[in-house]
1. Which of the residues belonging to segment 46-87 are open to solvent by less than 60 Å² (accessible area, probe 1.4 Å), assigned to a loop (DSSP other than H, G, I, E, B) and either within 28 Å of Tyr154 (Cβ to Cβ) or in contact (Cβ under 8 Å) with a residue 60 or more places away in the chain (or both)?
2. Please find, within segment 155-196, the residue that is nearest to the ligand (Cβ to nearest atom) out of those that are open to solvent by less than 20 Å² (accessible area, probe 1.4 Å) and part of a helix (DSSP H, G or I).
3. Consider only pairs whose beta carbons are under 9 Å apart and that are at least six residues apart or on different chains; among these, list those whose first residue lies in segment 14-33 and is more than 10 Å from the ligand (Cβ to nearest atom) and whose second residue is among the aromatic types (Phe, Trp, Tyr) and open to solvent by less than 10 Å² (accessible area, probe 1.4 Å).
4. Could you tell me how many of the residues in segment 1-13 are open to solvent by 10 Å² or more (accessible area, probe 1.4 Å) and under 12 Å from His80 (Cα atoms)?
5. Could you say which residue among Ile94, Ile78, Ile63 is hydrophobic (A, V, I, L, M, F, W, C), more than 13 Å from the ligand (Cβ to nearest atom) and at pLDDT 95 or above?
6. Kindly evaluate Leu245 against the criterion of being free of Cβ contacts under 8 Å to residues at least 24 places away in the same chain, within 16 Å of the ligand (Cβ to nearest atom) and not charged (D, E, K, R).
7. Scanning for something over 22 Å from Ala146 (Cβ atoms) and modelled with pLDDT of 95 or more, does segment 278-290 turn up at least one residue?
8. Of the residues in segment 197-206, how many are more than 15 Å from the ligand (Cβ to nearest atom) and open to solvent by 20 Å² or more (accessible area, probe 1.4 Å)?
Amino acid sequence: MKRVLVTGAAGFIGSHVSEELLRRGDTVVGIDNVNDYYATESKRRNIALLEKMPGFHFVEGEIENSDLLEDSFRKHGITHVAHLAARAGVRPSIEDPFIYSRSNVHGTLTVLEVARKFGVENTVVTSSSSVYGNSQRVPFKEDDSATDQPISPYAATKKATEVLSHTYHHLYAMNINVVRPFTVYGPRGRPDMAPWLFLAAARNGTPIKKFGNGETRRDYTFVGDFVTGFIAAIDRPLGFEIFNLGNSATVSLNEALDIVSRITGKELIIEQHSAQPGDVEITNADISKARRLLEYAPKTSFEDGMRTFNEWYGLNVNG
Ligand SMILES: NC(=O)c1ccc[n+]([C@@H]2O[C@H](COP(=O)([O-])OP(=O)(O)OC[C@H]3O[C@@H](n4cnc5c(N)ncnc54)[C@H](O)[C@@H]3O)[C@@H](O)[C@H]2O)c1
């Protein structure tokens with residue numbers, strides 16, 4: 001049985017990772033500052049859900065606060081770290097880069113430093129597919145040097161977390177698996193991300209902002225698939241490795257909108273806009289390394305995943 005510190009446990013992916021760890025009998029200490037990047041009520045609901053499960057302890061606060069982290073490590077004898085807390089989102093990072101640097105860079109450094117001090121067995125650090133920027137090498141492979149040229153403050157902070165992780169592995173022989181998620185969506189999803197925005201607009205009969213000609217493609221990953229890969233990364237200390245955790249199939253914006261229309265049974269109201277600066281043409285994960293070393297095998301198509309998301313949305317957001 002593992003005793004796992006999950007940072008960002010109140011958030012979308014962190015709550016799913018925590019739930020899965022608790023379900024199999026691990027102890028989870030969740031830390032989250034419950035910030036208002038999006039509605040804090042949904043984060044509070046996630047915490048309440050986790051608190052119903054045996055083995056969950058919640059600490060409200062900043063990951064930059066090393067005293068708070070050390071207290072949790074000491075009190076609960078943490079054996080593993082699942083680091084998911086971060087400021088997410090590309091566009092807002094252009095508006096306020098400092099808040100991204102504080103949470104994502106200083107925060108990650110604090111988590112790594114405390115994990116080192118307490119000698120944990122394995123740490124998983126969450127990066128992002130954004131580090132690939134406008135890479136022309138499609139599908140994206142982990143060793144792509146395009147990740148040295150991030151194109152947003154968010155991507156730059158995520159690249160920094162990877163580099164710091166490597167340093168801690170090199171200096172202290174820590175086991176650290178870095179994972180790069182590709183547009184994760186599903187129940188309890190993030191309200192600022194396209195899958196949520198599309199569903200909400202379709203169901204409410206409000207306009208959907210469409211940027212560009214609809215031919216941009218995304219590798220959408222269903223949260224249940226992502227979590228199996230993430231947990232395999234917790235369970236396998238491998239020295240230092242970086243893994244793409246995507247679906248590996250891509251869906252164009254036009255196809256995604258068709259799917260949303262089909263599963264909600266609604267005609268979409270499209271508001272056309274020109275392509276946005278900073279948006280990338282395609283994200284597409286080569287997942288052969290994760291298949292090989294983590295036995296990662298995503299199996300949910302975008303249409304099936306969106307059906308599940310839509311059902312959850314109807315029951316939990318508005319019916
Ligand atoms: N959802 C995706 O598609 C996606 C894609 C790429 C990368 N990621 C990464 O995955 C991780 C989880 O993302 P998510 O989609 O669940 O986002 P999320 O915003 O729902 O979750 C992040 C959580 O971290 C908390 N947090 C942020 N800064 C903190 C700080 N300084 N101290 C304590 N808590 C803090 C937030 O309150 C939030 O609950 C993040 O690291 C994100 O960058 C997500």
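1. Restricting attention to segment 46-87, the residues satisfying the condition of being open to solvent by less than 60 Å² (accessible area, probe 1.4 Å) are 46-48, 50, 53, 55-56, 58-59, 61, 63-64, 66, 68-70, 72-73, 76-87.
Still in the list and also assigned to a loop (DSSP other than H, G, I, E, B): 53, 55, 61, 63-64, 77-79, 84-87.
Hits for segment 46-87 are Gly61, Ile63, Glu64, Gly77, Ile78, Thr79, Leu84, Ala85, Ala86, Arg87.
2. Ranking the candidates gives Lys158 first.
3. Qualifying pairs under 9 Å: Glu20/Phe230; Val29/Phe73.
4. 3
5. Numbers: Ile94 fails: at pLDDT 95 or above; Ile63 fails: more than 13 Å from the ligand (Cβ to nearest atom).
Of the residues listed, the single one that is hydrophobic (A, V, I, L, M, F, W, C), more than 13 Å from the ligand (Cβ to nearest atom) and at pLDDT 95 or above is Ile78.
6. Working: free of Cβ contacts under 8 Å to residues at least 24 places away in the same chain: no; within 16 Å of the ligand (Cβ to nearest atom): yes; not charged (D, E, K, R): yes.
Here the answer is no, as Leu245 does not meet what is asked.
7. Initially, segment 278-290 is screened for residues over 22 Å from Ala146 (Cβ atoms), giving none.
So far as segment 278-290 goes, no, none of its residues is over 22 Å from Ala146 (Cβ atoms) and modelled with pLDDT of 95 or more.
8. 4
The values are calculated or read from the model by the stated rules, or taken from the named source; none is laboratory data. Just so it is clear, the structure is predicted and the values come from calculations on it, not from any experiment. Here Cβ is always computed from backbone atoms with ideal geometry, including for glycine, and neighbour counts include all displayed protein chains. Side chains included, ligands, DNA and RNA excluded: accessible areas come from the protein's heavy atoms. Shrake-Rupley method; radii C 1.70, N 1.55, O 1.52, S 1.80 Å.
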